[in-house]
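Notes to accompany the following structure.
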There are 2 protein chains.
Amino acid sequence: MENIRELFQVMTRRFGLLNKNCCSIDAVDISLVQSHILYEIDKRESPSMQQVAEVLGMDITTFSRQIQNLVKKGLVKKTPLPEDRRVYTLSLTTEGKFIATTIDREINRYLEEVFSHMTEFEKETVIRSIKLLNECMAKSSVCCKPIGMGK
Amino acid sequence: MENIRELFQVMTRRFGLLNKNCCSIDAVDISLVQSHILYEIDKRESPSMQQVAEVLGMDITTFSRQIQNLVKKGLVKKTPLPEDRRVYTLSLTTEGKFIATTIDREINRYLEEVFSHMTEFEKETVIRSIKLLNECMAKSSVCCKPIGMGK
DNA sequence: ACAAATAGTTGCGTTTTACAAATAAATGAA
DNA sequence: TTCATTTATTTGTAAAACGCAACTATTTGT
């Protein structure tokens, strides 16, 4: 059988390029990491800086500065948490939300196009497979988490 | 049904972190992009600079400098092509090959671990799904290729 | 009340990035 | 052949991203 990593590498590379391309559409023009940040903030319930930096596997100091940029661009709002004033809660502004939604729509549109080359059954199978894969990756504590992050 | 992009995002993020982590193991200590470069050179038959830069969606000038670094580190060899002296052919040195192999083994080891949480049937299904996905992504010319690369 | 832990920021030097322009070699047309 | 054009790669340069160390501010535990 062929190299499994190869399959993953090709798939994630393509999806990565898609993500990248979708950062510069029409009104939208942000960097790839910024797109990821918007995505994660949008997905979660007013997360803290640490939380988002963590899932993205980013150094907190780099993340801090990226947030500063996004705040300057008017895409993200930083709200101090009343019960713990060390913590800042992140949320998207209306424009940030708009951009995140635009990117999301664009990516889903592309994915639909890809799935259009399959039968409905194949599509279901593929989606179930990825879901299963994600569950198994979550189980496996070996790696994949930003453990040894800093060199 | 849930957002399809979400599934992809989670999967590729995990795999991305895995890739990142596997860059700094033991003797190996290179950046993520450098790891990708080594991987692609290893995979192909003495490719040119353009070719590798292209599949990685990298700007050729950035790529050029990364190659210079890898050559300095003694991991990559740049050989001028006799029949067209403008192009350079890329290949891995013994040490570059060793590092690429080490990373590859490590990643595959992790993937095996992930698959160990599935039945043999599920594993087969997942692998076939990813393969199918890759084929369909290749068909779709909408995006995913480094078309609009530069902003 | 105070040491220790936690969340986030800033200083600073290194690396990465990409546009513009340069070099060098091949190709095509006159 | 010669010269303009195209192609592959490199270099100049400046901006952006990165991450360690050190700092501030706040909370927690004793």
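Conditions tested, residue by residue: (1) of a type in the set (D, E, K, R); (2) modelled with pLDDT under 95.
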| residue | (1), (2) |
| --- | --- |
| A:ASP59 | yes, no |
| A:ILE67 | no, no |
| A:LEU70 | no, no |
| A:GLU113 | yes, yes |
| A:GLU122 | yes, no |
| A:GLU135 | yes, yes |
| A:VAL142 | no, yes |
| A:PRO146 | no, yes |
| A:GLY150 | no, yes |
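The residues on offer are A:LYS20, A:LYS77, A:LYS97, and the sole one that is without any contact (Cβ under 8 Å) to a residue 60 or more places away in the chain, part of a helix (DSSP H, G or I), away from DNA strand D (no atom under 16 Å from the Cβ) and out of contact with any Phe, Trp or Tyr (no Cβ under 6 Å at 6 or more places or on another chain) is A:LYS97. Do we have any residue at all in segment A:76-96 that's within 14 Å of chain B (Cβ to nearest Cβ), surrounded by 15 or more Cβ atoms within 10 Å (Cβ to Cβ) and more than 10 Å from DNA strand C (Cβ to nearest atom)? Scanning segment A:76-96 turns up no residue that is within 14 Å of chain B (Cβ to nearest Cβ), surrounded by 15 or more Cβ atoms within 10 Å (Cβ to Cβ) and more than 10 Å from DNA strand C (Cβ to nearest atom). I'm trying to understand the selection: among the residues of segment B:1-57, which are surrounded by fewer than 16 Cβ atoms within 10 Å (Cβ to Cβ), under 17 Å from A:GLN9 (Cβ atoms) and hydroxyl-bearing (Ser, Thr, Tyr)? The answer is B:SER31, and nothing else.
I need the full set of residues from segment A:58-68 which are more than 8 Å from DNA strand C (Cβ to nearest atom) and either surrounded by 15 or more Cβ atoms within 10 Å (Cβ to Cβ) or among the basic types (Lys, Arg) (or both), in order please. Passing the criteria: A:MET58, A:GLN66. Candidates in segment A:101-119 are the residues that are touching a Ser or Thr at 6+ places or on another chain (Cβ under 8 Å) and in a helix (DSSP H, G or I); of these, the one that is nearest to DNA strand C (Cβ to nearest atom) is A:ILE103. The test for being buried (at least 18 other Cβ atoms within 10 Å of the Cβ), over 19 Å from B:LYS20 (Cβ atoms) and either within 14 Å of another protein chain (Cβ to nearest Cβ) or more than 11 Å from DNA strand C (Cβ to nearest atom) (or both) does not hold for B:VAL71.
Regarding A:ILE103, is this residue over 30 Å from B:SER129 (Cα atoms), within 16 Å of DNA strand D (Cβ to nearest atom) and surrounded by 13 or more Cβ atoms within 10 Å (Cβ to Cβ)? Outline the logic, then answer.
On the way: over 30 Å from B:SER129 (Cα atoms): no; within 16 Å of DNA strand D (Cβ to nearest atom): yes; surrounded by 13 or more Cβ atoms within 10 Å (Cβ to Cβ): yes.
In short, no.
Picking from residues in segment B:28-63 that are touching a strand residue (DSSP E or B) at 6+ places or on another chain (Cβ under 6 Å) and assigned to a helix (DSSP H, G or I), the one that is farthest from the other protein chains (Cβ to nearest Cβ) is B:MET49.
The values are calculated or read from the model by the stated rules, or taken from the named source; none is laboratory data. What you see is a predicted model; the values in this text were computed from it and never measured. Neighbour counts run over all protein chains shown; Cβ positions are idealised from the backbone, glycine included.
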